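Every number here is computed from the coordinates shown, using simple stated rules; none is lab data. In this text, all values refer to a predicted model and were calculated from it rather than measured experimentally. With ideal geometry, Cβ positions are generated from the backbone for all residues, glycine too; neighbour counts draw on all protein chains shown.
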Amino acid sequence: MTNYTEQMGVGHCAEIAARNKWLFRNQPVNDIGIDAHIEFVDSSGKPKQLLALQIKTGASWFKEEKDGCIIFRNISDRQYIYWTTNSLPCIVVLYNPDDNTCVWQRLTTETIERTQDGEGKGYFVKVPLTQVFLDNASNQQLLSFSNLPEHIVNYNFLLSQKEFMEIIRDGGEVKLHSTEWVNKSSGRGETELIVDDGESIKKYSYPYWFPFTPYTEVFPKLFPWADFSADEEFYEDYDETMWREYHCHYDNEDDEWYVVGDTFAQYREKLESIRSIDHAGEVAEYMLILSLNDLGKSFLKVNEFVSQNNSYAIARPEES
């Protein structure tokens, strides 16, 4: 880059990246549309993310605004192909030095649109003015991006929880403890795994909120490899209280409870596997035991196979 305005934009992005502990690498050689790379490395030295940036600087890039977005135009076929097929996730960063606005958008087949309702020759991208480079929300989004195929992303997600599956398979115990604020649309709550491998007990926190989604729907998505059952010991006192209320009658004269409906055993058999303890109608508390479902069992078998050094795997049929 030789243009002073462009250099100012690159410098500004480099400063922001440094403040957020991203490594910034300028790409001074002219190419199809990458001005810099940023990389995040965690405290242990393990690389977590690598992104490619197209940086556009100047007030002129902010002239067209619609529905809270800046319209970034003049994208060629060559750039479209390059960005959407790149091995790295690509983003465009727009910087206005006049008011210090710096916003971004990912460059994908979903965000890049063809002009004239899909009939035109050019392309454009809507860059939200609320998507600031690099505030806390954007920082988390950028860390989560990947250009890997969806099946690889899904496999890696299961791989990240392989340890828990193996502990269950080998006779250990994994429990899910969670508290859900049932009257909050924010999805606020606390969720953790309590993992007993037979030698020690460890806890793993999942510090996320799940807006507008009941936790009974969240758990199978967080742990798709598991079946869930209630920890009967944890729920026993609460279950007994509910059973007495609906299936028993208290005789004041005899000072004794009499069963007028299901027995306690019958009552518990009819309860849902994923259920909670109601704390004053404000908090739902769960304690669930995880077991391997068909997906979990199959994943462990597949992972065992792909982890082996199978020399015959290099064999390929020859084209005739």
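Miscellaneous remarks
- Residues that are assigned to a helix (DSSP H, G or I) and in contact with a Lys or Arg (Cβ under 9 Å, 6 or more places away or on another chain) were ranked within the range 104-148; the one that is surrounded by the most Cβ atoms within 10 Å (Cβ to Cβ) is LEU142.
- Within the range 230-264, the residues that satisfy the criterion of being closer than 30 Å to GLU173 by Cα and surrounded by 14 or more Cβ atoms within 10 Å (Cβ to Cβ) are ALA230, ASP231, PHE234, TYR235, TYR238, ASP239, GLU240, MET242, TRP243, PHE264.
- Scanning the range 191-208 for residues that are of a type outside the set (Ser, Thr, Tyr), within 16 Å of the chain's Cα centre (by Cα) and surrounded by 14 or more Cβ atoms within 10 Å (Cβ to Cβ) returns a single hit, GLU192.
- Any hit, the range 82-89, residues being within 18 Å of VAL132 (Cα to Cα) and of a type in the set (Gly, Ala, Ser): no
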